[in-house]
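Working notes, beginning with the structure itself.
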Amino acid sequence: GENVEQHPSTLSVQEGDSAVIKCTYSDSASNYFPWYKQELGKGPQLIIDIRSNVGEKKDQRIAVTLNKTAKHFSLHITETQPEDSAVYFCAAGAGGSQGNLIFGKGTKLSVKP
Amino acid sequence: GAVVSQHPSRVICKSGTSVKIECRSLDFQATTMFWYRQFPKQSLMLMATSNEGSKATYEQGVEKDKFLINHASLTLSTLTVTSAHPEDSSFYICSARDPGQGYSEAFFGQGTRLTVV
């Protein structure tokens, strides 16, 4: 089955700096890679996702890159702000409404003002 | 985007009682919903996959008689924690994937903080 590794487990940056979180996956059949942001006491919120037929996707300050050959994908947050502080999870799985997603262990991002 | 609503957000119950948690997809139909458990500072652990009109599929190590799942309609799945004990205290989260959106983005409910005293 799929296995997702996520690094680092904690990340502290200064406001305005960039933050990068990396994930690797094991199952070459996975073709859908979402990223979630979870604030304390709340459910995860989808922030960006990428599909296997795309190498990079950007949405304002957030971007995700995918290297299918190496089976890794990364989240990039530029110009970080204190409100970006949260736990971020990557996930991998198949497209389709009935498939489960496998999650990484999460990265706690702290943005210091 | 699609919305998944979970209720209640917080519940405290006495040991030995049962608690029901509801998960609704508000603007799409979900034949499949997923139930997760999350311990403090840890990732989401899949407990079971809820299938509309059929039995749920439980992950290894999850007691099906303790965590009863019912998916009676295309917009509602319920998780009942039976004979709850303090060790069942946790954050429970449901998820559903919207079949109408591309690769079926997965959306999560707000989560339910269960405390068993």
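Points to keep in mind about this one:
Results for (1) closer than 15 Å to B:GLN38 by Cβ; (2) among the aliphatic types (A, V, I, L, M), shown as yes or no for each residue.
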| site | (1), (2) |
| --- | --- |
| A:SER30 | no, no |
| A:GLN38 | yes, no |
| A:ILE47 | no, yes |
| A:ILE50 | no, yes |
| A:LYS68 | no, no |
| A:ALA94 | no, yes |
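- Residue that is modelled with the highest pLDDT, among those in region A:27-39 that are more than 10 Å from every other protein chain (Cβ to nearest Cβ) and farther than 15 Å from A:VAL4 by Cα: A:LYS37
- For A:ALA86: the one exception among (1) closer than 24 Å to B:ILE93 by Cα; (2) over 14 Å from the mean Cα position of the chain (by Cα); (3) buried (at least 16 other Cβ atoms within 10 Å of the Cβ): (2)
- Selection of strands (runs of 3 or more DSSP E) fully inside region A:48-109 by the criterion of at least 1 residues being more than 11 Å from chain B (Cβ to nearest Cβ), farther than 17 Å from A:TYR25 by Cβ and at pLDDT 95 or above returns A:56-59, A:62-67, A:72-77, A:86-93.
- Within region A:72-94, none of the residues are out of contact with any Cys (no Cβ under 9 Å at 6 or more places or on another chain), farther than 20 Å from B:GLY111 by Cβ and free of Cβ contacts under 8 Å to residues at least 40 places away in the same chain.
- Identity of the residue in region A:30-76, of a type in the set (Phe, Trp, Tyr) and under 15 Å from A:THR107 (Cα atoms), that ends up nearest to the chain's Cα centre (by Cα): A:TRP35
- Residue check, A:THR69 farther than 14 Å from A:LEU101 by Cβ and either touching a Gly at 6+ places or on another chain (Cβ under 9 Å) or of a type in the set (Lys, Arg) (or both): no
- In region A:63-78 there is no residue matching the filter, namely being closer than 20 Å to B:GLY100 by Cα and among the β-branched types (Val, Ile, Thr).
- The set of residues from region B:13-57 being part of a loop (DSSP other than H, G, I, E, B), free of Cβ contacts under 8 Å to residues at least 40 places away in the same chain and crowded, with 16+ Cβ neighbours inside 10 Å comprises B:SER43, B:GLU52, B:ALA56.
- Residue identified as surrounded by 19 or more Cβ atoms within 10 Å (Cβ to Cβ) and of a type outside the set (A, V, I, L, M, F, W, C) among A:ASN67, A:ASN100: A:ASN100
- Only a single item in (1) touching a residue at least 12 places away in the same chain (Cβ under 8 Å); (2) among the charged types (D, E, K, R); (3) surrounded by fewer than 17 Cβ atoms within 10 Å (Cβ to Cβ) is not met by A:LYS58, and it is number (1).
- Count of residues meeting criterion [touching a Leu at 6+ places or on another chain (Cβ under 8 Å), closer than 16 Å to B:ARG113 by Cβ and facing chain A (nearest Cβ under 9 Å)] in region B:11-48: 2
- Members of region B:58-117 that are basic (Lys, Arg), surrounded by fewer than 22 Cβ atoms within 10 Å (Cβ to Cβ) and either under 12 Å from the mean Cα position of the chain (by Cα) or within 14 Å of chain A (Cβ to nearest Cβ) (or both): B:ARG113
The values are calculated or read from the model by the stated rules, or taken from the named source; none is laboratory data. Worth saying up front: this structure is predicted, and the values here are computed from it rather than measured. A quick note on method: Cβ atoms are made from the backbone with ideal geometry, for glycine too, and the neighbour counts reach across all protein chains shown.
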